[in-house]
Amino acid sequence: MKILLIGSGGREHALAWRLKQNPAVELFSAPGSSALAKLGQIRPAAIGDVAALTAVAEDLRPDLTVIGPELPLSLGLADALRSKGLAVFGPSAAAAEIECSKIFAKDFMVRHNLPTASYAVFYDHQEARQYLKHSSYPAVVKADGLAGGKGVIICGQHRQALAAIDALAPIPAAERLIIEEYLAGDEISFFALADGRTAIPFGSAQDHKAVHDYDRGPNTGGMGACSPSPLVTPALEKTIMDEIIRPAIEGLAIEGRPYCGLLYAGLVRTLNGLKILEFNARFGDPETQAVLPRFKGDLAEVMMAAAQGRLEQVSPTWDPRPAVCVVMSAEGYPGPSRQGDAIAGLEQAAARPDVEIFEAGVTREVRQGAEIPVTSGGRVLAVSALGDNMPDAVQKAYEAVSLISFEGAHYRRDIAAKAAKQAMR
Ligand SMILES: Nc1ncnc2c1ncn2[C@@H]1O[C@H](COP(=O)(O)OP(=O)(O)O)[C@@H](O)[C@H]1O
Ligand SMILES: [Mg+2]
């Protein structure tokens, strides 16, 4: 089975690693990375260039194309490939609007009675400023469009909210704004596969967004995750599927935007029940690096079933052991970060039992006659480990992390600490 994987990050490395466990899979990636080049051929094409990516796919004629990141989904890559008769895992631009426009997503949730924070929409920043005078606090100011995790600001008081609008103003995604009610409670990341009509659960995770321990410092793309989320009992999984995921998939189908791919629901468990923070139209990064080590089936077959509209035939099986993933980032991240530092210890860490290393910002360079891994991005890599229980997974992940070093390396020391404590109760 020939598979083309679109993307180049840690999420795509984890997807490729799992896909390749089916020995019949011949993998290609675009644009790929040095890690993906070890798992198959890579083809150059910018991630935002739909024409170039489509040309790669037309040349390869893969049995399946798997689209990792949101940008090419938002630009209609899945539509372009389907129009060429290719099978695709990933939603159309119309279905991906559930992630790519927060205004569409909120209005959609209201149309289909899905539980979410109350909100107001603004096409004009001046009107948003007026509204803030009488808003209750904390309030959350959000850019409508894709902002790479930089479009949401939680504001304790009026002054901060005005400053938030100023801070968002230069971002094109913030031309339109949402101001919404603040929801207090623990967050859950929940994943489901959908084929347009049928949806099945595909794991859960707890993310760690802030750059420093105890959730301090600015938000990042994610500094680590554990899976499953300790809050997701079998009963809660059923509630989430029945009350959130299936109605969302049905609603999208009814509105003529059938959803095929992975639907990611960001949820909060509040005192008034579960509420939806947002939907994402693709696998989370780094949640995927914690979810996929637990997945025991044939990912290629499952994704193909989703692409071909026969998910009802699939029932994924999972390793009962939990997984923890710890991100190692470069100095400066989430701001402009150091690059080009040699990375030591990757092989020793990867050789530990139940440990996988997923590379994000790593490239290979020849230095003094030898090819070595060097840092090339803010989030450099993720170390994932399975354990007999959450504390064991945490210990295994951090033991492997301690074997890896590069100048300016940073990682949180408290990934899954809360989940490990809950597990011991
Ligand atoms: N209404 C809200 N109440 C409390 N926290 C929120 C709210 N909306 C967003 N957040 C926080 O901000 C983070 C990012 O918001 P989200 O809507 O997921 O946007 P994005 O992932 O696109 O940046 C969430 O994970 C959550 O921690
Ligand atoms: Mg989010």
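Dividing the summed helix terms, -39500 (n - 2.57) for each DSSP H run of n ≥ 4, by the number of residues in the chain produces a 222 nm estimate of -8500 deg cm²/dmol to the nearest 500.
Annotation: peptides 249-258, 118-127, ranked by per-residue average of other Cβ atoms within 10 Å with the highest first, follow the order 249-258, 118-127. Using a ≥ b ≥ c from the Cα gyration tensor of region 1-52 (square roots of the eigenvalues), is it rounded, prolate or oblate, where a/c under 1.5 gives rounded and otherwise the larger of a/b and b/c decides, a/b for prolate? It is prolate, given that a/c is not under 1.5 and a/b is the larger ratio. Descending by average beta-carbon neighbour count within 10 Å, the peptides 405-411, 384-390 line up as 384-390, 405-411, the highest first.
Cα centroids of region 255-293 and region 135-155: how far apart, whole angstrom? If you average the Cα positions of each part, the centres end up 18 Å apart. Among 177-185, 396-404, sorting by the average number of other beta carbon atoms lying within 10 angstrom of each residue, highest first, gives 396-404, 177-185. Remark: for residue pairs K106/K150; K396/K418; K38/K150, the C-alpha separation exceeds 27 Å in K38/K150. Taking a sphere under 15 Å around the Cβ of A169 and counting the other residues whose Cβ falls inside, with K and R at +1 and D and E at -1, yields a net charge of -1. Hull volume per residue, based on the alpha-carbon atoms of the chain and their convex hull, is 141 Å³.
No value in this document is a laboratory result; all are computed from the given coordinates. In this text, all values refer to a predicted model and were calculated from it rather than measured experimentally. Ideal geometry is used to build each Cβ from the backbone, glycine not excepted, and the neighbour counts take in all protein chains shown.
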